[in-house]
Amino acid sequence: APERKVAVLGAAGGIGQTLSLLMKMSPSVTKLSLYDIVNTPGVAADCSHVNTGAQVTGHVGADQLDDALKGCDVVVIPAGVPRKPGMTRDDLFAINAGIVAGLVDGVARNCPEALITMISNPVNSTVPIAAEVLKKHGVYNPKKLFGVTTLDVVRAKTFYAEKNGLDVNTVDVPVVGGHAGITILPLFSQATPSAQMDQETIEALTVRTQNGGTEVVEAKAGKGSATLSMAYAGALFADAALRGLNGVQDVVECTYVESSVTDVPFFSSKVKLGPEGVSEIYGLGDLTDYEKDALDKMMPELQASIDKGIDFVKNM
Ligand code: APR
């Protein structure tokens, strides 16, 4: 397999540490660069003892961002702050938007050809932010920028398999739209293997998928949000992107990209990943009336989140 360097930005966080371990275990990764504003020397030393092939380096603080990014093929971004008591959604947006813009600026300067997989929330807005920052540098390639919506797919598969008594290893559920609340739409009518579910069950599974993040926040009772499942999903997607880069097989994943599948400019649907990033974006297929209605209902919120991201960069 070719040499592949992957950077994790925000590697000392709840998501970042687990994701770093999973990337260290990936057979596709030969160099693993761990960056954060705190604690990365320790995380990197710890991770480096795992007896797999990837060579680990740790980089701490803004001065070391360039080193962390030079020569990267894939950059995974789980940096940010989770919501704290007393913080409004707008406060959180402003902080994470600024963090993401700064990190993507580093990508534009050091590894403009890299695939960027964005985990920092709100993904519906941070991906358009990244696009605008890359455009400012004249290096935006819409085929190489992704919002990681894989956790929504992972959850939909788990809940669908559980409900229908299916082997979770064999099920697939496409999930389209965005990565927050009602913008998340699992297409259970296209799930495989197909199972008969009444409308009430479909709606319950849809809502559970949409509220999966809240389910974890409540269970953690003030001590954080999803980290293990998010890291797992982030690593699944990064691995798929690397397999695409290496051109070993057709790789198809649901992910949030610049898109003309609907009227909003960024949208998650099934895409094919290849040596240049996205090689094909698939349409939505046949939708049920319930799915069509849910799609119509999410559009204003998704468009507003995209506009908010674009405006943030315009006003920087
Ligand atoms: N550059 C790099 N890393 C940063 C920066 C920055 N400018 N600012 C913060 N970080 C790091 C923090 O130091 C911390 O190690 O990001 C990490 C975030 O980790 P946690 O606080 O544990 O948050 P986590 O639960 O991992 O979530 C991170 O992902 O899903 C999203 O909503 C979530 O936006 C949040 C992000």
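Quick one: putting +1 on the C-beta of Lys and Arg, -1 on the C-beta of Asp and Glu, what dipole do you get for the chain around its Cα centre, in Debye to the nearest 20?
Details: 26 positive and 36 negative charges, 166 e Å.
My answer is approximately 800 debye.
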### Query
How many nm is it between the label spots at SER48 and GLU215, if each spot is 7 Å from the Cα in line with the beta carbon?
4.0 nm
### Task
Can you tell me which of 69-75, 178-184 comes out highest on packing, and rank the rest after it, using the mean Cβ neighbours within 10 Å?
178-184, 69-75
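Return a whole-number percent for the relative contact order of the chain, with Cα pairs under 8 Å and 6 or more residues apart as the contact set. If you can, show how the numbers build up before the last one.
Numbers: 617 pairs, mean separation 52.9, N = 316.
Averaging sequence separation for qualifying contacts and normalising by length gives 17 percent for the chain.
In which sequence would LEU166, LEU9 go, from the one with the fewest C-beta neighbours within 10 Å to the one with the most?
Working: LEU166 16, LEU9 32.
Ranking LEU166, LEU9 by Cβ neighbours within 10 Å, fewest first, gives LEU166, LEU9.
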### Query
If we sort 247-254, 217-224 on the protection proxy, mean other Cβ atoms within 10 Å, highest first, what's the order?
247-254, 217-224
### Message
Between 0 and 90 degrees, rounded to the nearest ten: what's the tilt of helix 289-314 against the longest Cα principal axis of the chain?
### Response
30 degrees
### Message
If I fit a long axis through the Cα atoms of helix 150-164 and take the longest principal axis of the Cα atoms of the chain, what angle between them do I get, 0 to 90°, rounded to 10?
### Response
40 degrees
### Query
Helix 199-210 versus the longest principal axis of the chain: what angle, 0 to 90°, nearest 10, using Cα atoms?
10 degrees
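The numbers here are math on the coordinates, done by the rules we state, and not lab data. A quick note: this is a predicted structure, and the numbers were derived from the prediction, not measured. FYI the Cβ positions are ideal-geometry reconstructions off the backbone, even for glycines, and counts take in every protein chain you see.
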